[in-house]
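Here the structure is laid out as structure tokens; the discussion comes afterwards.
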């Protein structure tokens, strides 16, 4: 009996000691949950840290501290001097970049500093802020008590639900260092008392060169990744439908697709132009339709399949054309070119010259698998 009691007591003591050690550690440090980077005075870097501090009763409070220096490490050192607790970055969840910094100076220096820090996870989300990150983080939102956690959850759920392009530190670093691939990341902004995802930032290497509406993230993801779920609204133009399909048809028909499954296939068919074929196959459920159409008739579903395919092909081509205009290869055409052409000796500069003249033939083949839960 004594032996049994002893065996139970030892683990309990160990748990208690570990708990005490963890509590004392949390009392001594501040956890940087989010870092925001902006263009400071005279070209310096301004860093704003959202810090969670835990008191002896395990109650946490949020502190926001800013500092300027020439480097991100230098700003973090200055931030540490302004805090009563040592700031650690092991719990970092989000890195934000002010719009002006992303466009004028770029994100490469601070991004590389984050990726080289062994204490920082590659799963940190990265995004651009419309305006200054510092201004957004210091705004007193009525219903947001922990802005760092709020922005993390905002990005996490939209990325996991496939509503926006994924832009973790690992993914951004991969695209930055790969010849023939450029970075795309979400843009967030303040809309009165809300923080919203308002667009997609397009980069040429480390510098932001353009932006698209948030809805166009669907076309980027559809072209370069697989879809495994997701929901999206599509507009079909009257001209995409077969003549006589509807009496008094409207100029546009709005419909919602969900449970999207897709696969994209990108092939180089002419290396001198260069010219690519981008073929996308999709299966999706038609969740909602704003017009009275008999979906129990297979012929009507087949007509909708073709019309949606035309609409998606046109929209993807539009997004590719804009990306070429701003010279941001977020589709990875250059990577496909380099892997297809032996001894291409492709450099970043050479590819961006070729990229703007490239031709991409987009073909979407959509099949509606179900037209609502009633089918």
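The values are calculated or read from the model by the stated rules, or taken from the named source; none is laboratory data. Please read all numbers here as calculations on a predicted model, not as lab measurements. Cβ: placed from backbone, ideal geometry, glycine included. Neighbour counts: every protein chain shown.
Given (1) modelled with pLDDT of 95 or more; (2) within 21 Å of residue 101 (Cα to Cα), identify the lone condition not met by residue 177.
All conditions pass for residue 177, except number (1).
Take residue 156 and tell me if it is over 16 Å from the mean Cα position of the chain (by Cα) and over 20 Å from residue 334 (Cα atoms).
Taking the combined requirement at face value, the residue does not satisfy it.
Quick check, is residue 118 surrounded by fewer than 17 Cβ atoms within 10 Å (Cβ to Cβ), within 28 Å of residue 174 (Cβ to Cβ) and under 17 Å from the mean Cα position of the chain (by Cα)?
no
Suppose we filter 113, 127, 95, 102 for residues that are touching a residue at least 40 places away in the same chain (Cβ under 8 Å), over 18 Å from residue 52 (Cβ atoms) and not in a helix (DSSP H, G or I); which single one remains?
Testing whether each residue is touching a residue at least 40 places away in the same chain (Cβ under 8 Å), over 18 Å from residue 52 (Cβ atoms) and not in a helix (DSSP H, G or I) leaves just 127.
Given the structure, is residue 86 at pLDDT below 85, touching a strand residue (DSSP E or B) at 6+ places or on another chain (Cβ under 9 Å) and more than 26 Å from residue 155 (Cα to Cα)?
Yes.
Looking only at residues that are buried (at least 18 other Cβ atoms within 10 Å of the Cβ) and out of contact with any helix residue (DSSP H, G or I) (no Cβ under 7 Å at 6 or more places or on another chain) in segment 12-48, which one is modelled with the highest pLDDT?
Applying the filter and picking the extreme gives 35.
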